[in-house]
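Structure, as structure tokens:
All of the numbers you see were taken from the coordinates with simple rules; none came from a lab. A quick note: this is a predicted structure, and the numbers were derived from the prediction, not measured. Positions of Cβ are generated from backbone atoms using ideal geometry, with glycine treated the same way; all protein chains shown enter the neighbour counts.
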Amino acid sequence: MPATHAPLFEHLSRLLTPLDPAELHGLLCGLLCSDPTLDRARWLDLATEELIDGAELSATQADLLAKLLDYGIAQLHDPDGAVSPLLPDDDAPLTQRTEALGRWCQGLLYGLGLGRVEQASPLSAESREFLGDVAVIAQAESASDDGDNADETAYTELVEYLRVGLLTIQQDVRHAVAPADPLPH
């Protein structure tokens, strides 16, 4: 994970309690895939409604959620495909990172479900397979922090797989809503 995520994840973890940054980012990515025009008001409503049962947000929390929206939009619109799940730093224990990865997947599935992405646009076989894999990863647990190199490699590969799969879903949705090319005369 890029080093720029670590301070953001830790900052959000402290300030957004009881909201979880990984789950929030996954939810946001799912919502943005289904509705690239998601605005601040709708995002704040969904985040509070769906994740903390409508509890009031402080001004600081609302501001951080708005910044997370801007961050998510920038990631998903990056021409280099720089989107990456918002997870703890690689120095965090493997169990913590694995649990956050599972929560990110839960948030992604929830966001895609709220956005009704599968009903709104036909997904490719690759995207449907990816969603099945995300459902399995959402249940991920790590037995211990004693992760060896194979565990670290598997974790890194899962993060990359999620990044690429998210871009695949986003492309499927974009192609489904893109206007058809005019027929040649």
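Before moving on, here are some points about what is shown:
- Rounded FRET efficiency, nearest 0.05, which uses the C-beta distance separating residue 114 from residue 67 and R0 of 30 Å: 0.90
- FRET efficiency, 1/(1 + (r/R0)^6) with R0 45 Å, evaluated for residue 161 and residue 58 via beta carbons: 0.80
- A protection proxy built from the mean count of other Cβ atoms within 10 Å ranks the segments 162-173, 23-34, most packed first, as 23-34, 162-173.
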